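The values are calculated or read from the model by the stated rules, or taken from the named source; none is laboratory data. Here the structure is a predicted model, which means the values were calculated and not measured. All Cβ positions, even for glycine, are placed from backbone atoms using ideal geometry, and neighbour counts span all protein chains on display. Remember, those area values only see protein heavy atoms, side chains included, never the ligands or the DNA or RNA. Shrake-Rupley method; radii C 1.70, N 1.55, O 1.52, S 1.80 Å.
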Amino acid sequence: MIGAQALIRTLVDAGVNTCFMNPGTSEMHFVAALDSVPEMRGVLALFEGVATGAADGYARMAGKPAAVLLHLGPGLGNGLANLHNARKAFTPVVNIVGDHATYHKQYDAQLESDIETVARNVSSFIRTSTKPSEVAADAAATVAAAMGPPGAVATLILPADVSWSDPAEPAPAVAPQATAVVDPAHVERIAAVLQSREQAALFIGGRACRADGLVAASRIANTVEAKLLCETFPARLERGAGLPPLERLAYLAEFASMQLSGLRHLVIVDSKAPVSFFAYPGKDSYLVPDGCAVHVLAGGGDDGVAALVALADAVGAPPDAATLAPLAPPELPVGPLTAEAVCAAVGALMPEGAIVSDEGNTSALFAAGLTAGSPRHDWLCLTGGAIGQGLPVAIGAAVACPDRKVIALQADGSALYTVQAWWTMAREGLDVTTVIFNNRSYAVLNMELNRVGVEGAGPRAKEMLDLTRPDIDFVALANGLGVPATRATTADEFVDQLRRALATKGPTVVEAIVPTII
Ligand SMILES: Cc1ncc(C[n+]2csc(CCOP(=O)(O)OP(=O)(O)O)c2C)c(N)n1
């Protein structure tokens, strides 16, 4: 076996059987080895940010990592923003970056660059494989590092000669570390704090946002009359009918401060104390109110769900004390097409088990409320604030869960960072309906212009936030990339088109022409 074959076989044996890629010359032996290890599914992306975002979406839904294959430093750089989002989501990603052959590096050829420096920004683990006989063990170690806990981006740099040389043989999987059990005495201490009945909130994130964590958290909140909040952009939130509803912390610090005001205790599970997204002149960055004590029940390496269950029992919460949302989808909208009408239609028509990739930005402001009573679904957020994640994450979710409908709620500006994702959806026949909110603007930045204290912004500044001249035709873009698409300008048209898109198995795009909400 050559190194590339042993590497791919090792990945498959460790459960990593999907690789999102955009390869180049230095990765040709990896590509060729796909035919000798047919259990590995290769998925071609036409831009590296699509591949990295897809790996993020895949692992959020599959609960195990995908691999990514990128071409040297420039390829890694192109994929960096979505690796950043994956890092913030604590998503396990096996990030394989091809490099020049070991003996070629000294010549500083055209594509030579410092890959490690680029990788360091997002990776919790970096290894450069130096021998074909070691590449399989390196791969097994990379998978284990990615799994954490918590999950992380682990980077394996793969020189071309390590890939093409023999002898190499597969290595056994390295057992990932178990999550740590939270000390029962710590749970008891926090239970006592909550039983004091001073104003408290549970603030949950990460794995605690899944059904079992939510049920335990809701039992606690109801029993001790605490608030239940989750982080602003959870990686994966299970929600809808039959699950506990909860408030997400608001994006705008002004609103987040209102949600947190008056608290004496904040109990954090698999998240961190809330801070403002950006600094604003004269405003607080740290959002925990003065006089509020922060108690970390469980961190990312701990079993936060088990800790929540233990805490629920410790405060004497009955097993059935959780609040469960009723099935109560909104009415279908009529009249003019607005962002709110789009969200209402999505809430009314969403099928059971849908997966929503939410990069609707300002236009999706109403989506949480209007889908709270929809059938049970998963909600995937923009964890790291680096836009261009929504469509790639939708790809990954659809590859991981081929029997579930994926709905990408997608703002127009953000869509265009990684719009090549539609081609991969078409190529792979992925069951994704993209709803484009075409508000012809970087709307949120218009608001931020005021919030950072700019006064009297002029037309030259506003021009930088405007997406007209020319207007962008998303139907033409989607068609050009192989995805059927329609455009709606009234609520009735949108409802009709969304209904048809959701009834179609395979990728579809519905472009909604909407005014900005700001
Ligand atoms: C990678 C990256 N580049 C730039 C930005 C800055 N940015 C934040 S929001 C935004 C525009 C968003 O516009 P759109 O996606 O159309 O959503 P809208 O604000 O109109 O709802 C930009 C450019 C970012 N967050 N991430």
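The set of residues in segment 270-314 being closer than 18 Å to T179 by Cβ and assigned to a loop (DSSP other than H, G, I, E, B) consists of D270, S271, K272, G299, G300, G301, D303. In this entry, D138 passes the filter for residues that are touching a strand residue (DSSP E or B) at 6+ places or on another chain (Cβ under 9 Å), open to solvent by 10 Å² or more (accessible area, probe 1.4 Å) and within 30 Å of T52 (Cβ to Cβ).
So, in segment 83-95, of the ones that are open to solvent by 10 Å² or more (accessible area, probe 1.4 Å) and in a loop (DSSP other than H, G, I, E, B), which residue ends up nearest to A397 (Cα to Cα)? Filtering segment 83-95 for residues that are open to solvent by 10 Å² or more (accessible area, probe 1.4 Å) and in a loop (DSSP other than H, G, I, E, B), the one nearest to A397 (Cα to Cα) comes out as P92. Whenever a residue of segment 51-65 is over 17 Å from G77 (Cβ atoms), its partners that are surrounded by fewer than 21 Cβ atoms within 10 Å (Cβ to Cβ), lying with C-beta atoms within less than 8 angstrom and at least six residues away or across chains, give the pairs M61/C401; A62/C401; K64/G15. Would you mention how many residues in segment 69-92 are of a type in the set (A, V, I, L, M) and farther than 27 Å from A208 by Cβ? Final tally of qualifying residues: 5. Filtering segment 453-468 for residues that are in a helix (DSSP H, G or I), within 16 Å of the ligand (Cβ to nearest atom) and buried (at least 17 other Cβ atoms within 10 Å of the Cβ) leaves an empty set. For segment 59-82, the candidate set comprises residues that are open to solvent by less than 10 Å² (accessible area, probe 1.4 Å) and closer than 18 Å to A139 by Cβ; within that set, the residue that is nearest to the ligand (Cβ to nearest atom) is L76. Scanning segment 171-199 for residues that are open to solvent by less than 50 Å² (accessible area, probe 1.4 Å) and either in a loop (DSSP other than H, G, I, E, B) or more than 21 Å from V305 (Cβ to Cβ) (or both) gives A171, V182.
Only residues that are in contact with a Cys (Cβ under 8 Å, 6 or more places away or on another chain) and either open to solvent by 30 Å² or more (accessible area, probe 1.4 Å) or part of a helix (DSSP H, G or I) (or both) were counted across segment 250-269, and they come to 2.
For segment 278-299, indicate whether the set of residues that are surrounded by fewer than 18 Cβ atoms within 10 Å (Cβ to Cβ), in contact (Cβ under 8 Å) with a residue 40 or more places away in the chain and among the basic types (K, R) is non-empty. No - not one qualifying residue is present in segment 278-299. Restricting segment 1-23 to residues that are open to solvent by 10 Å² or more (accessible area, probe 1.4 Å) and among the small types (G, A, S), the residue that is nearest to A144 (Cα to Cα) is A14.
Restrict the check to segment 462-480 and report whether at least one residue is under 23 Å from the mean Cα position of the chain (by Cα), over 28 Å from A55 (Cα atoms) and among the hydrophobic types (A, V, I, L, M, F, W, C). No, the conditions are met nowhere in segment 462-480.
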